[in-house]
Amino acid sequence: MATFSNKTEILNLIKTFMHSDFDEDSISDIYSEVLQDIAQSSLHPLVDWSLSDVVTGQHTYPYPASAIKILAAFHKAKQLNFVDVKQLEAYSMDWRSSVGDALAYLQEEQSAREIRLFPSPAGGGTIQDFEFIDTTDFVWQNTTDFIWQQTPRLKELAFFFSETRDTKIPEWAVLFILFEILARETSHPGEQQDLAFAEACQNLANLLATF
Amino acid sequence: MAKTVSDVLSILLTRLRADGGVAYDNTTLLIPLLSRVQRTLNARLRRVLASGTFITSADTLIYTIRDQFPDAVDIIKITSGGRTLHKMKNWREYADYDTDWFKRTGTRFESYAQIGRDLLIIYPALSTADSVEITYSKITDELTKTTDTFELYDEDIDLVILLMELICLIHQRLFVEFKKKLPFFTKALKNHLLVLR
């Protein structure tokens, strides 16, 4: 048991509580559901951040693959305001043709898993006044007395987001996830249904959710 | 003296009337669960702390905590050059007064904030690589055998036993007993948290 757990370990733990009534597909679906709910919650969601390139004239950018909720977006390190279409239409019915440094972002279609920048990035081929350093591209060199980095790649768009994960599940969240899954799995109709068991698991999960 | 896994198992199994561990396997079930219970409780109680040097990069104020401290849960304190940095209650406060906060650089660190438990903001960025000292509540070490000792203090071990009892009662499908025991745990947890204030 390391500092982090993962989906496989949690599913194995569930087996010890479910005895013979273990439906792997159903449990796996509920695992995803629970992790998505954690990502939507305000209590200790699992979060990460990522960087993207901005392309001149391109106004939509996909979510990071694991993202559930965008917590903040930055263009050239300026935090963008979250707006909706009605706010922009109140500003100008012609807002879609605006071009310039992005000031805000919106989600036109939730299902598209992308955000739209407003105005559309102008770019222009000149060196920007600020860009993020992509630390994932660093080559770290550790000598006797200092650490230095090599050739960072520069990016313009950054996201903070809550996410769902199958790995790097923090140990403090494992018991909550375990009992939340057990409660859901044993509460729906079927051979595995056990309402008293589900209620007990839910009571414990509710308590652990605040940890 | 710190309690051992054996001490706790002895009390637990007596309460569960399962002396000898007939219904439970220590190695595959109880000890791994005890380990997780200690970790879960310490995330809430913040009793077991650790500290270390956190390396900061030039022109950067956002960090993934686990890259340097995979055992960190909550950052309790950060100091830089002997100064304690101000802890922001919510990272969104930065944007409340400055939408350009994410590119601010300065001559010394002033404050910090966590986003969830994964990301750390140390504000403002410095133009050179530097370091700060951090103190954090930790993921306690894994318990693997009966002679291992708990890192939680003795006065918190009653919570470990109560939470383990609840988990074992669910495992045994003893729901009446579970319902009777649950309020004891919630009350004890509340009392333990009050001590910190």
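Nothing in this text is a laboratory measurement; each read-out follows from the coordinates by a stated rule. Since we're looking at a predicted model, the values are computed, not measured. Methodologically, a virtual Cβ is constructed for each residue, glycine included, from the backbone with ideal geometry; neighbour enumeration extends over all protein chains shown.
Of the strands (runs of 3 or more DSSP E) contained entirely in region B:1-85, those carrying at least 2 residues that are more than 14 Å from chain A (Cβ to nearest Cβ) fall at B:49-56, B:72-80.
Of everything in region B:128-147 that's away from chain A (no Cβ under 12 Å) and more than 19 Å from the chain's Cα centre (by Cα), which residue is surrounded by the most Cβ atoms within 10 Å (Cβ to Cβ)? By that ranking, first place goes to B:V132. Which residue is nearest to B:D118 (Cα to Cα), if the candidates are limited to region A:68-100 and must be among the hydrophobic types (A, V, I, L, M, F, W, C) and part of a loop (DSSP other than H, G, I, E, B)? Only one residue tops the list, namely A:A77. Only one entry in B:R47, B:R66 is in contact (Cβ under 8 Å) with a residue 60 or more places away in the chain and of a type outside the set (F, W, Y), namely B:R47. Consider region A:73-118 and keep the residues that are within 23 Å of B:Y94 (Cβ to Cβ) and of a type in the set (F, W, Y). The one that is surrounded by the most Cβ atoms within 10 Å (Cβ to Cβ) is A:F74.
Answer yes or no: is there a residue in region A:17-40 that is over 23 Å from B:P70 (Cβ atoms) and within 10 Å of another protein chain (Cβ to nearest Cβ). Yes: one or more hits. Within region A:76-94, the set of residues being polar (S, T, N, Q) and within 14 Å of chain B (Cβ to nearest Cβ) comprises A:Q79, A:N81. Residues in region A:182-211 that are touching a Phe, Trp or Tyr at 6+ places or on another chain (Cβ under 6 Å) and more than 10 Å from chain B (Cβ to nearest Cβ): A:T186, A:A205, A:A209. Filtered by the rule that a residue be β-branched (V, I, T), touching a residue at least 24 places away in the same chain (Cβ under 8 Å), out of contact with any strand residue (DSSP E or B) (no Cβ under 8 Å at 6 or more places or on another chain) and under 22 Å from B:L189 (Cα atoms), region B:122-173 gives B:T140, B:I157, B:V160, B:I161, B:I167.
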